[in-house]
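Quick one: structure below, then a few questions.
The values are calculated or read from the model by the stated rules, or taken from the named source; none is laboratory data. Just so it is clear, the model here is predicted, and its values are computed rather than measured. Quick reminder, even Gly has a Cβ in these numbers, built from the backbone with ideal geometry, and neighbours come from all protein chains shown.
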Amino acid sequence: MRAQYSPLGHPPSQRWRQLAGVLLAVVVAAVVTFTLLWAYSPFSIIPCIGHDEDCSLESSPTPTPSSSGLASPPFTYSSVTIQNLPYQRRDVYGTVMDIHGGNVWLQPDLGLYFMFGVSFGFCVEPQNGTYGDLQGGNGGVDGIGTQVFAGCFNTTCGSHLNHNISCYTSPDLANWTPIHGPGPTGAIIYQMTDWPTPGIAFEAKGLWNEQYQYWVLWVNWDAPPDNNGHTSALTAPANGSVWTIQTLIIDTFAYTENFVDDQNFFIDDDGTGYVIYAGNAADDPGHDTAIEQLTPDFLATLGEAAWSGTIVSYVEAAAMFKRNGLYWISYGVCSCYGYNDTLLYLASSSSALGPYSLPGTPVSASITGQQSTTFAYYDGNGTLQHMLWMDQWQTAPPPGYKAYDYNHWTPLLWTVDGSPVALPNLPLINLTVATGPG
């Protein structure tokens, strides 16, 4: 019997087997392609594809270049615990962080919080509730009715020429990495022994200049033997690796003596920068708190052209921020390095340069701390919040190295109508911290 062939030249059974094979290959290829596209899309439901191993980060859109040329990172959200006394704040290598008189500022392109401050080293400070040489000077009563002592300048711990300026970075306010890595000098960005002229560094505060795309750091230092106070301006690229002194002595302040300290920064919604500080007016040397607008490069002020005038006297460590359309300042009682309760007060205004509603509301009665500041951070909802930082002098465990003095952090709290609330003294605070707005 002769075999039967189809018009295609193949037996019917073989032709159908070939067609089935082709269809199967097409189906397999489609399934593989769909799986890959789904897994690596922003809407993947396949666990951990494109995520950290613990699946803790949600997927985000592709980063877009910023004006700095850096890639704007996806915002991250982290659940962390802020540790206060009796827990020492340590870096990621387990080393106690010797950093005081500083602030924290977010670098938006890198998605990192930068902490700046002064490292005092391993001198032993007094443990008797007072501090140093209290003789001479202009002691008196501060603007909120508390007796202050005169004189903070002496040769004891905290007034040496070998202090350092330090910096750490963190994605979540809890895990801090020294700017140059591990080791005894890993956090140091400038040694005062290398300063152009001998000086005692007391404070170092930084802020990011979005327009000029650099960090600006103001260092408050005194020049022995007459202890004239000065402020210097330094700059660094976004990663904070190398710092350059741009202005050794800023001389644009409205106060004629140009003596200022305890400076803190604020940037308004339109990018205008401000500095709040304590200074000495020539006709009233009373540690007067004032606000001035910064020049666009943040390296100087506009002086009397944009100045609040004296807001309050005989207080120190003022800070400034904005919440729900109101401008707020915080300030405390003068203490130098003394171990005493310096109540933090909050006062508000509808204008950056005031006037402010004085005497303000005390919020820190339960916390023993000095040299307070506030800094901004984003919570788990991507909402801007503010954290209180208070240095706590003479709290280091024996033998009392100043490097190991604690500092206290706690979020500011508010009523529904926007009034400040008294803050609890908590050793551990659980937060969710973000690196950008929601």
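With a cut-off of at least 2 residues that are in contact with a His (Cβ under 9 Å, 6 or more places away or on another chain), farther than 18 Å from residue 212 by Cβ and at pLDDT below 85, name the strands (runs of 3 or more DSSP E) lying wholly within region 254-297.
Working: elements: 260-267, 273-281, 284-293.
Passing ranges, in order: 260-267, 273-281.
Within the set of pairs 6+ apart or on separate chains, which have a first residue in region 381-392 that is assigned to a loop (DSSP other than H, G, I, E, B), a second that is among the hydrophobic types (A, V, I, L, M, F, W, C) and buried (at least 20 other Cβ atoms within 10 Å of the Cβ), and C-beta atoms under 6 Å apart?
Qualifying pairs under 6 Å: 382/434.
So, one more: Within region 137-153, does at least one residue satisfy the condition of being loosely packed, with under 15 Cβ neighbours inside 10 Å and at pLDDT 80 or above?
Checking region 137-153: not a single residue is loosely packed, with under 15 Cβ neighbours inside 10 Å and at pLDDT 80 or above.
If a residue has to be among the aromatic types (Phe, Trp, Tyr) and farther than 27 Å from residue 249 by Cβ to count, how many in region 169-215 make the cut?
Within region 169-215, the subset among the aromatic types (Phe, Trp, Tyr) is 176, 190, 195, 202, 208, 212, 214-215.
Within this subset, residues satisfying the condition of being farther than 27 Å from residue 249 by Cβ are 176.
Selection size over region 169-215: 1.
While we're on this one: So how many residues does region 377-405 have that are surrounded by fewer than 19 Cβ atoms within 10 Å (Cβ to Cβ) and within 17 Å of residue 204 (Cα to Cα)?
1
Give me the pairs, please: first residue somewhere in region 185-214 and not assigned by TED's automatic domain parsing to the domain that holds residue 158, second residue anywhere and surrounded by 22 or more Cβ atoms within 10 Å (Cβ to Cβ), beta-carbon distance under 7 Å, and either six or more positions apart or on two chains.
Taking only residues 6 or more apart or on different chains, not a single pair turns up.
Please state which one of 349, 366, 357, 372 is in the same structural domain as residue 320 (by TED's automatic domain parsing), surrounded by fewer than 22 Cβ atoms within 10 Å (Cβ to Cβ), of a type in the set (Gly, Ala, Ser) and at pLDDT below 85. Walk me through it before giving the result.
Working: 349 fails: at pLDDT below 85; 357 fails: at pLDDT below 85; 372 fails: surrounded by fewer than 22 Cβ atoms within 10 Å (Cβ to Cβ).
After applying the criteria, what remains is 366.
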